[in-house]
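S.K.: Attaching a single structure in structure tokens format; questions to follow.
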Amino acid sequence: MGLPPSALGGPPDRRVYLDHAASTPLDPAALAAMRPFLAERFANPAARYRSARDAAEAVERARATVAALLECRPAEVAFTSGGTESINLALRGIALAQMLAGTARHIVTTAIEHDAVLRTVQALERFGITHTIVDPGAEGIVSPDAVARALRPDTALVSIMLANNEVGTIQPVAETVEAVRQRGRALRRRMFVHLDAVQGPGLLPVAVARLGVDALSLSAHKFYGPKGGGVLVLRRGLPYLEQLTGGGQEHQRRAGTQNVAAVVGTAVALERAESLRAQVTCHCAALQERMRESIRERLPDARLNGDPARMLPTHVNLSIPDIDGERLVEVLDEHGVEASSGSACESTSREPSHVLLAMGLPVELAVGAVRFTLGRETTDADVDYALQILPHIVEHLRTVSRAG
């Protein structure tokens with residue numbers, strides 16, 4: 001049983017959304033661009049008549065926009081249903097192509113990856129594709145040298161992330177790619193690198209050529225685009241085995257009738273996110289520092305997780321001793337603050353965060369974690385309200401726990 005809202009000085013109907021790493025509101029410009037393709041412009045872009053050609057042209061304009069923003073060729077861009085599908089297509093398609101060719105059957109990834117990566121490499125074991133998982137340091141950063149040391153002559157693929165979805169740590173991608181290339185030359189083998197860049201758009205540069213990666217995955221609803229929209233970039237010449245077979249859409253990379261509205265909305269949202277990057281980064285960084293300072297003052301025994309020098313400006317992840325993070329999130333919700341205890345994709349699990357455990361946190365701190373993630377529309381008042389009620393809720397939960 002939570003505290004009554006009146007005990008914390010907040011109106012019972014107030015809602016403060018602080019879970020932007022889980023999903024973001026749809027950008028009005030993206031919605032406006034999508035509307036015609038949800039109604040009167042409904043034709044299948046694979047058909048031959050005029051309205052179908054109009055839909056096909058909209059898809060190709062969106063592809064060109066995304067390619068320009070990601071600094072790759074339009075033919076290298078495939079639209080998917082989201083980040084999970086994009087990651088699955090990349091890992092399965094690249095690894096299985098090399099396994100069937102008899103050239104490689106090993107994947108290197110890291111312990112802080114999203115489950116879309118970790119469960120996929122586990123699933124590929126059924127096909128005889130093995131994997132090595134590299135641990136991060138205590139602040140959630142994965143060493144490029146550690147990744148390079150895990151490479152073998154039969155390594156088909158390395159999959160890393162641009163920024164961690166739970167603690168917000170920004171990974172040294174360019175340095176890791178260079179370390180992989182150097183190790184590959186020593187082994188006389190071309191090593192391919194896939195990047196989960198889902199948390200990046202609108203906050204970090206995501207240009208494929210500058211990052212140096214061979215494949216890249218995005219999810220539209222993480223950058224104010226529609227759910228059901230995603231992007232997979234596969235550079236030209238990359239070995240790839242088609243995973244969804246059918247009509248041959250998306251340059252034989254992902255068969256199936258395109259979701260034209262989602263494709264158009266994804267392109268507009270990505271363009272908007274990139275154009276607003278400097279403004280949003282500055283806005284969120286100020287709010288993040290405000291939260292971190294207040295937490296250090298009001299909850300001195302809490303641990304702020306992640307490397308503050310290499311962190312997305314949107315993330316505040318903290319572990320609170322003697323607190324169940326899931327219960328804390330529930331009581332915060334009762335008082336109008338929406339946050340999470342880790343990845344939203346793992347919300348049905350009561351297990352502690354695999355990311356925090358990989359960083360070396362003891363189980364009792366990992367289970368006491370809560371994640372606040374900021375967004376474009378987050379205000380000073382939103383943050384102040386969350387900071388006002390958080391210490392009271394923590395004390396209440398500790399009191400209930402001691403009494404029980």
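S.K.: Provide the per-residue ³J(HN,Hα) series for the stretch 36-50, in order, calculated from phi with Karplus coefficients 6.51, -1.76, 1.60 and θ = phi - 60°, each as a whole number of Hz, with x at glycine and proline positions.
M.R.: Running phi through 6.51 cos²θ - 1.76 cosθ + 1.60 with θ = phi - 60° gives x, 7, 8, 10, 6, 9, 9, 4, 6, x, 8, 6, 10, 8, 4 Hz.
S.K.: Along the Cα-to-C-beta direction of Ala207, a point sits 7 Å from the Cα; which residues of the stretch 61-84 have their amide N less than 11 Å from that point?
M.R.: Within reach of a label on Ala207, which here means backbone N under 11 Å from a point 7 Å along Cα→Cβ, the stretch 61-84 contributes 69-72.
S.K.: Let me ask something else. How high is the FRET efficiency from Ala47 to Ala75, r the C-beta distance, R0 25 Å, rounded to 0.05?
M.R.: 0.70
S.K.: Could I ask something else about it? At 7 Å along Cα-to-Cβ for each site, give me the label-to-label distance between Glu377 and Arg119 in nm.
M.R.: Output for this residue pair reads 2.9 nm.
S.K.: Not counting the cut sites, what is the longest span of the chain without chymotrypsin sites (Phe, Trp or Tyr not before Pro) that DSSP labels loop and that have at most 15 other Cβ atoms within 10 Å?
M.R.: In short, 50-404.
S.K.: Treat each spin label as a single point 7 Å out from the Cα along the C-beta direction, and report the Arg236 to Arg296 distance in nm.
M.R.: 5.0 nm
S.K.: Then there's this: If r is the Cβ-Cβ distance from Glu139 to Glu60 and R0 is 60 Å, what FRET efficiency results, to the nearest 0.05? Walk me through the numbers before you get to the answer.
M.R.: Details: r = 43 Å, r/R0 = 0.72.
After rounding, the FRET efficiency stands at 0.90.
S.K.: Could you tell me the convex hull volume per residue, in Å³, taken over the Cα atoms of the chain?
M.R.: 140 Å³
S.K.: Can you work out the Karplus-derived ³J(HN,Hα) for every residue in the stretch 177-191? Use 6.51 cos²θ - 1.76 cosθ + 1.60 with θ = phi - 60°, whole Hz, and x for glycine or proline.
M.R.: 4, 5, 5, 5, 4, 5, 5, x, 5, 5, 8, 6, 8, 7, 9
S.K.: Right, something else. Among the trypsin sites (Lys or Arg not before Pro) within the stretch 311-402, which fall in a DSSP loop and have no more than 14 other Cβ atoms within 10 Å of their own Cβ?
M.R.: Values: sites: Arg327, Arg350, Arg371, Arg376, Arg398, Arg402; in loops: Arg350, Arg376.
Taking the stretch 311-402 and a limit of 14 other Cβ atoms within 10 Å, the loop trypsin sites (Lys or Arg not before Pro) found are Arg350.
S.K.: What residues have an amide H closer than 5 Å to that of Ala156, excluding those fewer than 5 places away on the same chain, when H is modeled at 1.01 Å from N in the peptide plane?
M.R.: Hits under the 5 Å cutoff: Arg105, His106, Ile107.
S.K.: Multiplying the sequence separation of Glu330 and Arg35 by 0.36 nm and subtracting their Cα-Cα distance, what value in nm do you get? If you can, show how the numbers build up before the last one.
M.R.: Values: separation 295, 0.36 × 295 = 106.20 nm, distance 3.52 nm.
Between Glu330 and Arg35, full extension yields an extra 102.7 nm.
S.K.: Let me ask another. How long is the gain from Leu187 to Gln243 if the chain were fully straight, where each residue apart is worth 0.36 nm and the alpha carbon distance is subtracted? Don't skip to the end; give the middle numbers.
M.R.: Working: separation 56, 0.36 × 56 = 20.16 nm, distance 2.90 nm.
Taking Leu187 through Gln243 to full extension adds about 17.3 nm, to one decimal.
S.K.: Average projected area of the Cα convex hull of the stretch 40-149, in nm²?
M.R.: For the stretch 40-149, the mean projected area of the Cα convex hull comes to 10.4 nm².
S.K.: Note the full-extension length gain between Ala174 and Arg402 as 0.36 nm times their separation in residues minus their Cα-Cα distance, in nm to one decimal.
M.R.: Fully extending the segment from Ala174 to Arg402 adds 77.2 nm.
S.K.: Going 7 Å from the Cα of Thr130 in the Cα-to-Cβ direction, what parts of the stretch 60-100 have a backbone nitrogen less than 18 Å from that spot?
M.R.: 95-96, 98-100
S.K.: Another one. Where does the chain land at 222 nm, in deg cm²/dmol rounded to the nearest 500, when only DSSP H runs of n ≥ 4 count, each adding -39500 (n - 2.57), divided by all residues?
M.R.: -13000 deg cm²/dmol
S.K.: Could you tell me which GluC sites (Glu not before Pro) in the stretch 58-135 are loop residues by DSSP with no more than 16 other beta carbons within 10 angstrom of their beta carbon?
M.R.: Passing sites in the stretch 58-135 are Glu71.
Laboratory data are not the source of any read-out in this text; all were calculated from the coordinates shown. Just so you know, these numbers come straight off a predicted model, no measurement behind them. Glycine also receives a Cβ, built like all others from the backbone with ideal geometry; neighbour counts cover every protein chain displayed.
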